[in-house]
1. Could you run the Karplus curve 6.51 cos²θ - 1.76 cosθ + 1.60 with θ = phi - 60° over the range B:301-318 and give me ³J(HN,Hα) per residue in whole Hz, x for Gly and Pro?
2. What FRET efficiency comes out for the pair residue A:24/residue B:173, r = Cβ-Cβ distance, R0 = 35 Å, nearest 0.05?
3. With a point put 7 Å past each Cα toward its Cβ, work out how far residue B:64 is from residue B:143 in nm, to one decimal.
4. Label 7 Å along Cα→Cβ of residue A:95; the range A:186-223 residues with amide nitrogen under 18 Å?
5. Among DSSP beta bridges whose residues both lie in the range A:4-236, state the antiparallel percentage, nearest 5.
6. Considering only Cα-Cα distances, which of the following residue pairs are longer than 25 Å: A:189/B:295; A:156/B:279; A:156/B:295; A:11/A:207; A:156/A:207?
7. Between helix A:40-56 and chain A, what is the angle of the helix's C-alpha long axis to the longest principal axis, kept within 0 to 90° and rounded to the nearest 10?
8. Summing -39500 (n - 2.57) over the DSSP H runs of n ≥ 4 in chain A and dividing by its residue number, what mean residue ellipticity at 222 nm do you reach, to the nearest 500 deg cm²/dmol?
Amino acid sequence: MPALRILVCVKRVPAPGAQITLTADGRAIDTRNLAFTTSPHEECAVEEAIRLVEGHGGDITVLTVGPPEAEEQLRFSISVGAQHAILVTNDRVADGADPDPQATARAITGAVRALEAEAGPFDLLLFGNESADSGGFQVGVRVARALGRPIVNGIKAIDISDAVLTARRECDDGFEVYRLGLPAVIGVKEGINLPRYPTLPGRLRSKKAEVQTIIAEPPGGGLTMVRFETPAVEVTETVLLGTGAGAAGAVVDLFYELGLA
Amino acid sequence: MTDPVLVLIDHDRGTVGDETRQALAFSRACLPHAPVAAVVIGGAVPPTVSGADAIWHVRHVELDDYAPEAWGDALHQLAAAVSPSAIVATGTERGNEVLAHVAAIADEPFAANVLLATPGSPWRIRRARWGGSLLEDATVSAQLPILSCALHVYSGDLANAPAAREVSVAEFVPTLGPGAARTRVVDRVQIAEGITLTTAPVVVSGGRGVGSEEGFAAIEALAELLGAAVGCSRVVTNQGWRPHADQVGQTGKRVAPDLYIACGISGAIQHWVGMQAAKHVLAINTDPNAPMVTKADYAVIGDLHEIVPAIVEELRRRRA
Ligand SMILES: Cc1cc2nc3c(=O)[nH]c(=O)nc-3n(C[C@H](O)[C@H](O)[C@H](O)COP(=O)(O)OP(=O)(O)OC[C@H]3O[C@@H](n4cnc5c(N)ncnc54)[C@H](O)[C@@H]3O)c2cc1C
Ligand SMILES: Nc1ncnc2c1ncn2[C@@H]1O[C@H](COP(=O)(O)O)[C@@H](O)[C@H]1O
């Protein structure tokens with residue numbers, strides 16, 4: 001089995017805590033007190049790429065469409081085991097605009113074509129099942145279609161042998177199995193693995209790693225964000241059933257009251 | 001007469017998922033004047049679908065089991081043939097996947113998890129972001145609007161819609177080359193399971209406060225006594241204390257039990273969106289100010305390691 005060349009697309013997203021706060025104009029999340037992270041499904045996609053390369057040999061490129069700050073997420077991927085990092089950006093994105101899904105897909109497709117012309121084809125492109133913030137459920141599918149490669153979403157297990165990729169998708173009573181020839185594209189779901197933490201040598205490597213920048217200004221698509229709104233929080237009168245073990249009686253009373261015991 | 005709305009029927013080898021009715025209800029609510037044409041892809045005989053004005057049965061040998069790319073091709077071809085005013089599905093895994101394919105082929109926008117839609121040029125929509133914890137108002141400029149409706153927003157109650165037997169079925173045979181279904185279900189792995197997280201009447205869920213894999217023993221004992229399923233937070237799956245299949249929240253499962261018991265879970269927004277549909281919430285937490293406590297219907301303040309075993313004991317005592 002020849003070595004695998006894998007590309008993973010990750011998105012930089014804020015990590016809000018208990019409540020999302022918006023900017024005054026309602027057009028963005030107020031990120032002043034927030035940390036940023038990689039969408040969880042994509043973190044697992046990076047880990048899956050590392051495991052595949054550990055098994056088969058090869059190398060991993062991580063790519064993001066985002067502002068220059070998204071280098072933080074690219075370097076994190078390098079610190080856990082990716083080799084190459086690509087930042088796809090332009091002035092609007094650098095200002096914090098989140099491109100619509102069609103524009104994002106066009107930017108990624110263009111970058112993949114350029115990278116493949118330079119260094120040869122990727123065997124596998126990994127996406128998250130959906131981005132954590134916008135949850136469009138489509139960028140991977142659009143890229144796969146544009147490149148003419150097969151794609152399945154929602155994947156919780158990947159196995160590759162003899163250039164055939166076997167993938168499992170969780171359903172109500174178990175798993176569905178899909179088989180794809182390489183090159184292929186997969187939308188990964190959290191739970192496929194437990195991502196590792198960076199090691200100290202990994203952190204050092206990531207600090208020194210070169211991030212290649214590609215400027216892309218693809219035309220926008222037809223879905224245009226106007227404004228955000230946080231859903232109204234229902235005010236609940238919390239009934240305190242007690243403190244400590246002494247509350248057990250009141251809890252069991254509640255079970256009977258609700259007809260559940 | 002307005003052009004019809006095509007509604008993709010989410011079925012698995014002929015068994016129609018309950019959620020599919022939500023897309024039919026969504027279409028009637030947003031486009032009250034448009035006839036609703038249900039689209040059943042695959043199978044020899046279409047399953048009965050009530051709530052539609054017409055049924056398109058899309059038949060082809062390549063379509064005998066779920067095949068996301070070929071389903072997308074077939075639905076796109078049908079749309080090209082009948083010029084619908086919109087294509088709609090419920091935002092299930094398959095619904096979103098097939099619509100993404102249609103949108104990619106047509107190079108049209110696709111809005112996933114829509115809550116409200118008003119036709120026009122452009123269409124105005126409201127959709128769920130962040131798994132439902134943020135609402136986005138957006139415009140859709142498209143020849144053919146493609147929308148999935150967010151789960152559990154439109155009730156599948158279609159009291160005024162025509163009954164299945166009154167609806168005519170038309171056939172559509174797409175042009176699919178051999179191998180068009182190169183991505184399709186080729187096998188299934190059944191995992192025997194009793195009560196599932198998404199159907200259990202009670203869910204007993206644990207978070208970081210449980211502290212360890214072994215710490216879940218008391219939670220399991222309580223779940224067993226209540227005929228409940230065990231759930232958990234993302235911290236728990238990240239620690240490897242429970243499998244990811246048990247995770248509730250934005251990147252886990254959506255549950256809607258009669259009672260959700262949250263033990264040692266703080267109530268971060270990404271967890272809350274997974275269980276906000278629960279009828280009642282009981283929080284057990286050392287922190288009276290934790291969001292899970294202030295948003296819950298009932299709370300017990302204190303150490304779950306004392307409280308949960310005491311509840312188990314009390315329940316056993318009363319049943320003895
Ligand atoms: C994009 C994204 C997606 C996410 N998706 C999910 C998801 O699907 N599901 C999910 O759960 N999270 C998700 N998260 C993570 C989420 O933000 C929180 O980090 C997580 O839910 C916190 O888990 P927790 O409540 O168990 O832990 P903590 O927030 O650490 O809370 C622990 C709680 O336990 C209480 N406690 C401690 N000890 C005890 C004790 N002995 N007895 C009683 N109470 C005790 C504490 O007071 C505290 O309230 C996501 C995050 C991001 C950024
Ligand atoms: N800005 C971005 N940069 C890189 N990858 C992205 C970006 N947006 C989306 N993706 C990828 O596409 C997947 C699906 O995104 P979405 O269609 O927004 O739900 C994500 O999980 C990512 O893998």
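The numbers here are math on the coordinates, done by the rules we state, and not lab data. Please read all numbers here as calculations on a predicted model, not as lab measurements. Cβ: placed from backbone, ideal geometry, glycine included. Neighbour counts: every protein chain shown.
1. 9, x, 7, 4, 5, 9, 6, 4, x, 5, 5, 4, 5, 5, 5, 5, 4, 6
2. 0.05
3. Those two pseudo-labels are separated by 3.5 nm.
4. Answer for the range A:186-223: A:215-221.
5. The answer is about 40 percent antiparallel.
6. Table pairs above 25 Å Cα-Cα are A:189/B:295; A:156/B:279; A:156/B:295; A:156/A:207.
7. Helix A:40-56 sits roughly 50 degrees off the main axis of chain A.
8. So the calculated ellipticity at 222 nm is -9000 deg cm²/dmol.
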